[in-house]
Amino acid sequence: MATINKNYLKLPGSYLFSGIAKSVHEYETSHPDADVIRLGIGDVTQPIASAVIRALHAAVDEMGQADTFHGYAPDLGYSFLRDAIAREDYQARGCDIAADEIFVSDGAKSDCGNLQEIFGTDNRIAVCDPVYPVYVDANVMAGRTGEYDRVEQRFQGVTYMSCTEDNGFAPELPEEQADLIYLCFPNNPTGAVIKKDQLQRFVDYAREHGSVILYDAAYEAYISEDDVPHSIYECEGAQECAIESRSFSKTAGFTGLRLGYTVVPKKLVIEGTSLRDLWARRHGTKFNGAPYIVQKAGEAVYSDEGRAQVREQIAYYMENARIIREGLADAGYTAYGGVNAPYIWLRIPEGMTSWGFFDMLLDKARVVGTPGVGFGPHGEGYFRLTAFGSRENTIRAMERIRKI
Ligand code: PLP
């Protein structure tokens with residue numbers, strides 16, 4: 001008789017964004033004329049850059065010719081893309097990362113969720129609180145946590161590293177032994193960054209405790225301040241203890257194309273085993289990776305034209321972020337983020353829950369955001385707005401919020 005993976009049952013209810021979609025659907029059904037503006041879900045709205053579209057067309061044509069057709073992609077990804085990533089994202093910043101340490105994938109979400117599979121189920125995980133929910137969810141499903149405590153709103157057996165106004169939303173080192181440490185900077189949802197000396201302390205902790213840091217740098221391209229690290233490999237010794245994932249989704253609008261990558265350095269060896277070799281064996285290597293045409297599109301992001309166009313898109317979203325930050329300040333809210341990340345994290349009025357604020361904003365302003373508690377227990381009391389809307393909708397949303 002087949003049995004189910006009971007760990008899945010530990011996950012409370014629906015995924016955060018399904019809960020939001022359901023609430024918005026109910027609202028729109030009962031208010032059919034309401035003009036709802038979505039600044040909630042983190043999807044982008046601007047079309048793909050023309051340099052990338054051209055590369056896509058050319059790659060599609062190649063697929064139709066016997067002599068340029070491409071079948072299964074190589075396990076690590078095509079070298080034209082891995083070489084560009086190693087050169088432009090790492091070596092140009094002084095990080096000694098080679099192309100054969102880069103694994104191209106269909107996005108950072110799969111990598112962030114699947115990386116835990118190469119570790120034993122007895123590892124204790126530590127996560128930023130609040131943070132992108134995928135890390136915890138994947139570890140729950142793998143059986144690396146206890147039950148969900150509905151009162152505390154947290155899973156037993158997980159170390160939650162609080163990110164609060166007091167610590168500038170950058171966590172302290174774990175007090176207990178943490179084996180797998182998930183860090184996400186620039187952070188979703190707070191929009192906060194971590195300073196290099198703070199990050200170095202995590203690297204030193206990991207080397208001392210035999211831990212591995214899983215560093216999610218999906219929003220690296222949004223960093224605008226000079227003293228903020230773009231990669232964990234800017235820290236000394238990080239190659240011996242850290243894996244880094246990145247995404248083309250928010251950098252170049254690939255949410256629908258699907259492209260990301262993970263760096264597993266050769267120096268990363270646990271229990272005498274190279275993690276790079278373990279990750280190379282991960283299931284679905286050939287099928288999970290990105291198709292040739294998408295990898296060609298990714299290569300075009302690193303061309304001079306592609307780079308300039310993508311930079312313009314990021315500037316567009318960051319102008320939205322500025323409009324949101326200033327609009328919230330005018331409306332009397334305290335808000336964070338939006339300088340090195342496309343997320344704005346606002347403190348909601350005393351006495352309200354973040355879901356209560358969600359309902360109020362939808363009802364009074366017809367604006368959809370994301371309740372902070374969906375990102376972890378310390379997200380309660382906060383609310384996330386994203387800069388990924390159109391300019392027009394961002395301006396209209398802020399006009400409505402000011403009028404509440
Ligand atoms: N990592 C973080 C922190 C994210 O916020 C997201 C998407 O919202 C992802 C990863 C997923 O990226 P991808 O679209 O490449 O799967």
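The values are calculated or read from the model by the stated rules, or taken from the named source; none is laboratory data. Here the structure is a predicted model, which is why all the values come from computation and not from measurement. Don't worry about glycine lacking a Cβ; one is built from the backbone with ideal geometry, like all the others, and counts go over all protein chains shown. When the accessible area is computed, the model is the full protein with side chains, heavy atoms only, and any ligands, DNA or RNA have been set aside. Shrake-Rupley method; radii C 1.70, N 1.55, O 1.52, S 1.80 Å.
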Based on what the data block shows, is L361 assigned to a helix (DSSP H, G or I), in contact with a strand residue (DSSP E or B) (Cβ under 8 Å, 6 or more places away or on another chain) and not assigned by TED's automatic domain parsing to the domain that holds A126? yes
Tally the residues that are closer than 23 Å to P74 by Cβ and more than 14 Å from the ligand (Cβ to nearest atom), restricting the search to the range 97-123. 8
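Of all residues being without any contact (Cβ under 8 Å) to a residue 60 or more places away in the chain and not aliphatic (A, V, I, L, M) in the range 1-16, which is surrounded by the fewest Cβ atoms within 10 Å (Cβ to Cβ)? Just the residue, please.
T3
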Cβ pairs under 6 Å, 6+ apart, first in the range 100-113 and in the same structural domain as A126 (by TED's automatic domain parsing) and farther than 21 Å from K266 by Cβ, second among the hydrophobic types (A, V, I, L, M, F, W, C) and more than 8 Å from the ligand (Cβ to nearest atom): D106/A290; G113/A138
For the range 377-394, does any single residue satisfy the condition of being assigned to a helix (DSSP H, G or I), open to solvent by less than 10 Å² (accessible area, probe 1.4 Å) and out of contact with any Pro (no Cβ under 8 Å at 6 or more places or on another chain)? yes
For the range 327-352, pairs from a residue that is of a type in the set (V, I, T) to a residue that is surrounded by 22 or more Cβ atoms within 10 Å (Cβ to Cβ) and part of a loop (DSSP other than H, G, I, E, B), with Cβ under 8 Å and 6 or more apart or across chains, are V339/G191; I344/G191; I344/G338; I344/A387
In the set A66, A21, which member is without any contact (Cβ under 8 Å) to a residue 60 or more places away in the chain and not in a helix (DSSP H, G or I)? A66
Among the residues of the range 91-142, write down those that are of a type in the set (S, T, N, Q) and either surrounded by fewer than 18 Cβ atoms within 10 Å (Cβ to Cβ) or out of contact with any Gly (no Cβ under 8 Å at 6 or more places or on another chain) (or both). Q91, N114, Q116, T121, N123, N139
Check A66, A34, A59 and return the single one that is open to solvent by 80 Å² or more (accessible area, probe 1.4 Å) and more than 16 Å from the ligand (Cβ to nearest atom). A66
Number of the exception - V127 against (1) within 16 Å of the ligand (Cβ to nearest atom); (2) at pLDDT 95 or above; (3) in a helix (DSSP H, G or I): (3)
As an exercise: evaluate A138 against (1) out of contact with any His (no Cβ under 8 Å at 6 or more places or on another chain); (2) more than 15 Å from the ligand (Cβ to nearest atom) and give the number of the one condition it does not meet. (2)
For the subset of the range 141-154 comprising residues that are assigned to a strand (DSSP E or B) and touching a helix residue (DSSP H, G or I) at 6+ places or on another chain (Cβ under 6 Å), which member is nearest to the ligand (Cβ to nearest atom)? R154
Can you list residue pairs whose Cβ atoms sit under 9 Å apart, with the first residue in the range 240-264 being without any contact (Cβ under 8 Å) to a residue 12 or more places away in the chain and the second being away from the ligand (no atom under 11 Å from the Cβ) and assigned to a loop (DSSP other than H, G, I, E, B)? Count only pairs 6 or more apart in sequence or on different chains. G256/I48
Members of the range 156-179 found to be within 16 Å of the ligand (Cβ to nearest atom) and touching a residue at least 60 places away in the same chain (Cβ under 8 Å), listed by number: C163, F169
